[in-house]
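Only one structure is covered here, and it is reproduced in the block below.
The values are calculated or read from the model by the stated rules, or taken from the named source; none is laboratory data. Just so we're clear, the structure is a prediction, and the values are computed from it rather than from any experiment. We place every Cβ from the backbone using ideal geometry, glycine too, and count neighbours over all the protein chains shown.
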Amino acid sequence: MRKVLHKHLLTCIALTLMLSLPMISFGKETSQSWELVNPEGIVRVEPMKVNLHPSTLEGKTVVLRWNGKHNGDNVLNRVAEMLSEQVKDVKIVKLWETYPDTVMVSSSQEKSKDIAKKVASFKPDLVIASQTD
């Protein structure tokens, strides 16, 4: 019993010392040196040429691309309905119906290139993608 009491007493003393040391150092003035680092890194913005958008979608091909996230297909189906109602002779391609293997968030550069090739095979005038997160 005495040994156990002795161990507890030593533990309490050690904890008291450890907890009081930071308080002792707060009372003293110490100089600090800080180095500010920008976590964003270096960003280079280079001008790029943006492709021209068609002035009208009449007679154009529009590819709709869904990445498989919840309700994205519902959004794109509604876009397809509205385009069909409002634009004369528009050709709408639902990529997920033609190529079901494109219904995914691309996990690699190779898969992204494969999806891009499938989109490009339709020679679209416009591509609309739905992320719906």
Query raised in the report: Which of the residues belonging to the range 77-105 are without any contact (Cβ under 8 Å) to a residue 24 or more places away in the chain and not in a helix (DSSP H, G or I)?
Result: 99
**Report entry** Answer from 47, 39, 100 - the residue that is under 24 Å from the mean Cα position of the chain (by Cα), modelled with pLDDT of 90 or more and farther than 20 Å from residue 129 by Cβ
**Finding:** 47
Query raised in the report: If you take the residues of the range 106-133 that are part of a loop (DSSP other than H, G, I, E, B) and touching a Lys or Arg at 6+ places or on another chain (Cβ under 7 Å), which of them is nearest to residue 63 (Cα to Cα)?
Result: 125
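Across the range 104-133, what is the total count of residues that are small (Gly, Ala, Ser) and under 18 Å from the mean Cα position of the chain (by Cα)? Give the steps one after another, and end with the answer.
Filtering the range 104-133 for residues small (Gly, Ala, Ser) gives 106-108, 112, 116, 120-121, 129-130.
Then keep just the ones that are under 18 Å from the mean Cα position of the chain (by Cα); that gives 106-108, 112, 129-130.
Of the residues in the range 104-133, 6 are small (Gly, Ala, Ser) and under 18 Å from the mean Cα position of the chain (by Cα).
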Query raised in the report: modelled with pLDDT of 95 or more and either under 12 Å from residue 129 (Cβ atoms) or surrounded by 10 or more Cβ atoms within 10 Å (Cβ to Cβ) (or both) - does that describe any residue in the range 67-74?
Result: no
